[in-house]
1. How much accessible surface area, in Å² rounded to 10, belongs to the heavy atoms of Arg127 with a 1.4 Å probe?
2. Could you give the nm distance between label points at Ser70 and Thr97, where each point is 7 Å from its Cα heading toward the beta carbon?
3. How much length is gained on full extension from Ala195 to Lys107, taking 0.36 nm per residue of separation minus their Cα-Cα distance?
4. Over all distinct Cα pairs, what is the inverse of the mean 1/r for the range 117-168, reported as the Kirkwood hydrodynamic radius in Å?
5. Please identify every one of the GluC sites (Glu not before Pro) in the range 46-103 that sits in a loop by DSSP and has no more than 12 other beta carbons within 10 Å of its own beta carbon.
6. Please give the solvent-accessible surface of Lys105 in Å², to the nearest 10, using a probe radius of 1.4 Å with every protein chain present.
7. How large is the accessible surface per residue of the range 74-222, computed with a 1.4 Å probe and reported in Å² as a whole number?
8. Just the number, please: carbon plus sulfur as a percent of the accessible area of the range 86-208, 1.4 Å probe, no ligands or DNA/RNA counted.
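The values are calculated or read from the model by the stated rules, or taken from the named source; none is laboratory data. It should be emphasised that the depicted structure is a prediction, and the values quoted were computed from it without experimental measurement. Using ideal geometry, Cβ is built from the backbone for each residue, glycine included, and neighbour counts are taken over all protein chains shown. Surface accessibility is based on the protein's heavy atoms, side chains included, excluding ligands, DNA and RNA. Shrake-Rupley method; radii C 1.70, N 1.55, O 1.52, S 1.80 Å.
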Amino acid sequence: LLETFAGIIASALERTSLADEARDARLRVETEQLRNALLSSVSHDFRTPLGVVTGATSALLDEETPVDDSTRRELLQTAHEEALRLSRLVRDLLDMTRLEAGALKVKTGPLSIEELVGSALARTSDRLAGRDVRTNVPEDLLAFCDSALVEQVLINLLENATKYSPPGSPIEIAAKAEGDVVTIEVSDRGPGIEAAYAERVFEKFYRVHEGEGGGVGLGLTICRGIVEAHGGTIGVRSRSAGGATFHFTLPRAPASSLGEVQGKAS
Ligand code: ADP
């Protein structure tokens, strides 16, 4: 698995470096260095959870030193969490590969923001367990967008809000219409993001907070790719009370258009 993804990244970067070659030889050397740095970072990101899963399952399988019920449960829980983390890494790498290959197909239609938020929340319910999630989304708010892709943006932002804020602290989701765009915000009570990093966090593989629970630094790059493919913009600001507010825009659809489209389809 690791080799497959190392291969995907290497070939994506290979294409980049070939294009660079024509333009600038110096850039090619820098790209080579970047590739080595990224490969070693991605390899590390895979090895750590794989090591934990292997260690936990070996302990469970070891008949000579049987474990009691509560240790068994703990080991299974750890293996499960790390396996989920690995699958998120795989998802991010695949999404990124698609974005870079220009293979992102955006199928827009007038969709209810309230429903999109509801289904993103349902899909992150495991991770949000125990959190007070406050939503403030008008029920008649519609945007022209692709449901699977916008859900992916919301899921990435919600996952980050849980990863980077204290367990049990509240998360807020708000949406409002502003002229011909819809603005959606996801806020948390974590450390926030210093203004100096506010642009950089959207760059590929860029991470401010290394360590526990983090991914490879692709989640926000994927969000930006998806939002821009819809003609919107994405950004982050720190809240005065502490924490980060990520905000993005989508083209607004008139409140009447949902009925029209459904009417035509039926
Ligand atoms: P990662 O996979 O590391 O979470 P992302 O692209 O999603 O990558 O985020 C990039 C970096 O931005 C993260 O490593 C983290 O340092 C920072 N970040 C993202 N979301 C938040 C947040 N809600 N609060 C504070 N920092 C955040």
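1. 80
2. My value for the distance between the label points is 4.4 nm.
3. Numbers: separation 88, 0.36 × 88 = 31.68 nm, distance 3.38 nm.
Gain on extension, Ala195 to Lys107, equals 28.3 nm.
4. Working: mean 1/r = 0.0834 Å⁻¹.
For the range 117-168, inverting the mean 1/r across all distinct Cα pairs yields 12.0 Å.
5. Those satisfying the criteria are Glu63, Glu64.
6. 150
7. On the way: 7160 Å² over 149 residues.
Here the per-residue accessible area is 48 Å².
8. Details: 2870 of 5850 Å².
Within the range 86-208, the accessible surface is 49 percent carbon and sulfur.
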